[in-house]
Amino acid sequence: MLLAIDTSAGTSVALVDPATGRPLATRSTEDSRRHAEVIGPFLAEVLAEADVTPAGVTAVVAGMGPGPFTGLRVGIAAARTFAAARGVPLLPLVSHDAVAADQDRPGPFVVLTDARRREVYWSAYDQTGTRVAGPGLAKPADLDETRGRRSRRGRRHPPRSAARRRPAARRACSPSRRRAP
């Protein structure tokens with residue numbers, strides 16, 4: 001079983017069957033200020049719900065952001081500690097890549113995450129789901145002016161399409177907002 005932990009946008013914990021890729025149990029909150037308070041109970045709850053002991057976990061996936069440093073370090077520390085205590089591999093994963101892996105529409109797309117301060121984190125992917133740019137940080141208006149054109153500041157940006165980001169630990173991360181290029 002894979003234990004996935006992501007605190008790049010809220011807190012998300014999931015136990016995933018690696019053979020099917022399906023989550024057996026998930027817990028998440030979008031509250032970005034309570035990572036330390038909820039991560040322990042979330043870990044206990046997903047293991048109990050899936051009826052899996054810590055010995056049944058074969059690897060730990062850690063969401064590596066982009067995201068606020070304080071939140072990220074809570075999740076990464078929890079993932080590293082669990083993996084070290086169990087003697088299983090720690091698998092780092094760019095949180096946007098988890099969303100991209102579940103993208104079901106063909107064509108290039110961009111995964112966006114709220115970076116606060118009226119900015120977004122973004123990563124651009126090609127039609128195969130391979131990251132071709134990012135993660136990066138930009139103002140939403142700069143992304144809306146793209147499609148291979150230059151922004152007001154003269155920088156190149158990714159193609160104009162979006163998949164709104166949900167926590168990476170949710171294995172079936174179906175983005176809720178998408179725009180075609």
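Looking at the stretch 55-72, which of its residues are surrounded by 13 or more Cβ atoms within 10 Å (Cβ to Cβ) and part of a helix (DSSP H, G or I)?
Hits for the stretch 55-72 are 56, 71, 72.
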### Query
Just checking, how many residues over the stretch 121-144 are open to solvent by 40 Å² or more (accessible area, probe 1.4 Å), assigned to a strand (DSSP E or B) and without any contact (Cβ under 8 Å) to a residue 40 or more places away in the chain?
2
### Task
With the checklist (1) under 27 Å from residue 141 (Cβ atoms); (2) charged (D, E, K, R); (3) assigned to a helix (DSSP H, G or I); (4) more than 15 Å from the chain's Cα centre (by Cα) in hand, flag the one item residue 45 doesn't pass.
(1)
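Quickly run through the stretch 99-120 and pick out the residues that are assigned to a loop (DSSP other than H, G, I, E, B) and of a type in the set (Asp, Glu).
Going residue by residue through the stretch 99-120, those that are assigned to a loop (DSSP other than H, G, I, E, B) are 102-108, 117-118.
Answer for the stretch 99-120, where residues must be assigned to a loop (DSSP other than H, G, I, E, B) and of a type in the set (Asp, Glu): 102, 104.
The rows are residues; the columns are (1) out of contact with any helix residue (DSSP H, G or I) (no Cβ under 6 Å at 6 or more places or on another chain); (2) surrounded by fewer than 16 Cβ atoms within 10 Å (Cβ to Cβ); (3) without any contact (Cβ under 8 Å) to a residue 60 or more places away in the chain.
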site: 3; (1), (2), (3): yes, no, no
site: 7; (1), (2), (3): no, no, no
site: 12; (1), (2), (3): yes, no, no
site: 18; (1), (2), (3): yes, yes, yes
site: 41; (1), (2), (3): yes, yes, yes
site: 46; (1), (2), (3): yes, no, yes
### Query
Any idea which residue in the stretch 9-25 is nearest to residue 74 (Cα to Cα), counting only those that are touching a strand residue (DSSP E or B) at 6+ places or on another chain (Cβ under 9 Å) and among the polar types (S, T, N, Q)?
11
### Summary
Of the residues in the stretch 104-114, those that are open to solvent by 20 Å² or more (accessible area, probe 1.4 Å) and in contact with a strand residue (DSSP E or B) (Cβ under 7 Å, 6 or more places away or on another chain) come to 105, 108, 112, 114
### Task
Of the numbered conditions (1) open to solvent by less than 40 Å² (accessible area, probe 1.4 Å); (2) within 30 Å of residue 133 (Cα to Cα), residue 101 fails exactly one; give the number of that condition.
(1)
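Collect the residues in the stretch 20-32 that are loosely packed, with under 13 Cβ neighbours inside 10 Å and over 17 Å from the mean Cα position of the chain (by Cα), keeping them in residue-number order.
Matches in the stretch 20-32: 20 only.
The values are calculated or read from the model by the stated rules, or taken from the named source; none is laboratory data. Quick caveat: nothing in here was measured; it's all calculated off a predicted structure. Methodologically, a virtual Cβ is constructed for each residue, glycine included, from the backbone with ideal geometry; neighbour enumeration extends over all protein chains shown. Note: accessible area is taken over every heavy atom of the protein model, side chains too, but ligands, DNA and RNA are not part of it. Shrake-Rupley method; radii C 1.70, N 1.55, O 1.52, S 1.80 Å.
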